[in-house]
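I'd like to ask you about the structure that follows.
The values are calculated or read from the model by the stated rules, or taken from the named source; none is laboratory data. What you see is a predicted model, and the numbers here were worked out from it, not measured in a lab. Cβ atoms come from the backbone with ideal geometry, glycine included; neighbour counts cover every protein chain shown.
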Amino acid sequence: MKIIIANLKMNPCSEKEAEELFRAYQKDKEGLANLDLFVAPPFLYLQKAKDFGLQVVAQNCFYENQGAYTGEISPLMLKDLGVKGVILGHSERRALGETEELIARKVRAVLKEGLIPILCVGEKKEEREKGLEEEVVKSQLKKIFENYQEEIRKLIIAYEPVWAIGTGQFCDPQEAKRMQSLIKEFLLVELQLKISELKILYGGSVDSLNISLFLGEENIDGALVGGASLKKEEFGKILKIANSF
Ligand code: PGA
């Protein structure tokens, strides 16, 4: 069963539009039993998405559970609301200044609460041009999981080359597959993490025309979809295709 995560980012701009979008997702998901769909709306709309019977994940969180941290939302609060996981390390948050150290603290806090981290990794354009993509991704994973001894129930990694996000320029599926294998091996063999369920997704300009190229690769467990998740018809097509794998 493939996983599709809709990352709405900072969209839509009203509760009414959010409702319309969730209603469409709910309708499209009906009858698609061979598909694990998660929706990642802004915090404000998490409950609303749940009201439509959708599985929800958050787009961010803090690393402490409670206290004097103005403006932050904790893993414990998310868990209490019935949120299943949290997207962390997204390149858009890294660009806003999130360091590996901060991301590592968040990932650990999320794991501690039994939520699923959806950790995004990926190289920038200039890094790929220099052939550094493997090194970059390994270093991102290492900084977060080195010496992590505890058992991990479920971990989702999204390989998202930064140059492919929101650009319409998607990664070659063979190349994405190569990176998935590398990630898997690095986590399980080199870092020796104990993970009961590891899923690796691709993200970056996924749409209804290219999704089957990615899902057709055996190592690719699903997709993190940004822009296309805001277009009702387009996303409906994506879900139907994903359900057929
Ligand atoms: P995109 O975004 O599908 O618009 O490229 C993907 C993401 O940021 O997760």
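Go through the residues of region 235-245 one by one and say whether even a single one is within 13 Å of the ligand (Cβ to nearest atom) and at pLDDT 95 or above.
Among the residues of region 235-245, at least one is within 13 Å of the ligand (Cβ to nearest atom) and at pLDDT 95 or above, which makes the answer yes.
While we're looking at this one, here's another question. Tell me which residues, restricted to region 68-107, are farther than 24 Å from Glu151 by Cβ and polar (S, T, N, Q).
Thr70, Ser91, Thr99
This table checks each residue for (1) of a type in the set (Phe, Trp, Tyr); (2) closer than 23 Å to Phe214 by Cβ; (3) surrounded by fewer than 22 Cβ atoms within 10 Å (Cβ to Cβ); (4) out of contact with any strand residue (DSSP E or B) (no Cβ under 6 Å at 6 or more places or on another chain).
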| site | (1), (2), (3), (4) |
| --- | --- |
| Met10 | no, no, yes, yes |
| Ser14 | no, no, yes, yes |
| Asp28 | no, yes, yes, yes |
| Ala40 | no, yes, no, no |
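Hey, another quick one. Is it true that some residue in region 213-233 is in contact with a Pro (Cβ under 7 Å, 6 or more places away or on another chain), surrounded by 22 or more Cβ atoms within 10 Å (Cβ to Cβ) and more than 19 Å from Asn34 (Cα to Cα)?
no
For region 42-59, how many residues meet the condition of being touching a helix residue (DSSP H, G or I) at 6+ places or on another chain (Cβ under 7 Å), part of a loop (DSSP other than H, G, I, E, B) and buried (at least 18 other Cβ atoms within 10 Å of the Cβ)?
The total comes to 2.
Residues that are basic (Lys, Arg), more than 30 Å from Ala18 (Cβ to Cβ) and either under 16 Å from the mean Cα position of the chain (by Cα) or surrounded by 15 or more Cβ atoms within 10 Å (Cβ to Cβ) (or both): does region 180-188 have at least one?
The answer is yes, given that some residue of region 180-188 is basic (Lys, Arg), more than 30 Å from Ala18 (Cβ to Cβ) and either under 16 Å from the mean Cα position of the chain (by Cα) or surrounded by 15 or more Cβ atoms within 10 Å (Cβ to Cβ) (or both).
Mind listing whichever residues of region 101-137 are crowded, with 18+ Cβ neighbours inside 10 Å, in contact (Cβ under 8 Å) with a residue 40 or more places away in the chain and part of a helix (DSSP H, G or I)?
Ile103, Ala104, Lys106, Ala109, Val110, Leu111, Glu133, Val137, listed by residue number.
Right, another one. If I filter region 224-231 for residues that are basic (Lys, Arg) and either under 16 Å from the mean Cα position of the chain (by Cα) or within 25 Å of Glu135 (Cα to Cα) (or both), do I get at least one hit? Talk me through it step by step, then tell me what you get.
Of region 224-231, the ones basic (Lys, Arg) are 231.
With the extra rule that they be either under 16 Å from the mean Cα position of the chain (by Cα) or within 25 Å of Glu135 (Cα to Cα) (or both), the set shrinks to none.
The answer is no, given that none of the residues of region 224-231 is basic (Lys, Arg) and either under 16 Å from the mean Cα position of the chain (by Cα) or within 25 Å of Glu135 (Cα to Cα) (or both).
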